[in-house]
1. Does residue 110 satisfy the condition of being within 42 Å of the chain's Cα centre (by Cα), of a type in the set (A, V, I, L, M) and surrounded by 10 or more Cβ atoms within 10 Å (Cβ to Cβ)?
2. Could you please find all residues in region 140-173 being aromatic (Phe, Trp, Tyr) and either farther than 12 Å from residue 128 by Cβ or touching a residue at least 24 places away in the same chain (Cβ under 8 Å) (or both)?
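Nothing in this text is a laboratory measurement; each read-out follows from the coordinates by a stated rule. Here the structure is a predicted model, which is why all the values come from computation and not from measurement. Every residue, glycine among them, receives a Cβ derived from its backbone with ideal geometry; neighbour counts consider all protein chains shown.
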Amino acid sequence: MASNIGRWPRPTHLILSCLLISAVIRLGAGGVALAEELATNVAEPVMVPVQPVQPTPESEVSSLLKSIRTRQEQLLQREGEITERQLELNMIEQRIAQQLVVLKQAEQKLADTLAIADSAAENDLKQLTAVYEKMKAKNAAEIFGTMEISFAAGFLSRMKPESAAGILSEMPPNAAYSISVVMAGKNANAPTE
């Protein structure tokens, strides 16, 4: 056991010695002499000299403080710049949002205008088709003979079949045939299912 005690750290050795001395004292009067002998054998704790901390020269401390203050000022300035940019971005976002609202309103107005124009054009076509239907077939055939074939086919396809047949019968055969081909071809590519 003596060999293990030498390996223990110093504070543990002291505590163990104290416990042994206490035990011997408790054993009786004869133990007092033994306790005194053991106490004298316990070595005094070795004081390890503490290395004093070298104080930092004031110039280094003031230099370090100056550096910290400079960095803090730079950070505050940068924070201000970021805040200013954020405000600018917010203003730009607001302007874009306003412009989008105006653009959507203009788009809706244009769509309404186009719908009115389409409706007006459709009404005009219906009215003109009704006029051609009420004409004598011979007179309408003369007018249709001067029209472009696809344009004439468009009007004839809107008419009642009896009126369209009367007009086509009054037209020259080549013109009637060409208009009939265009009319038949309009729905040739339409899905059948």
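1. On the way: within 42 Å of the chain's Cα centre (by Cα): yes; of a type in the set (A, V, I, L, M): yes; surrounded by 10 or more Cβ atoms within 10 Å (Cβ to Cβ): yes.
So residue 110 fits the description; yes.
2. Pass one, region 140-173, residues aromatic (Phe, Trp, Tyr): 144, 151, 155.
Passing the criteria: 144, 155.
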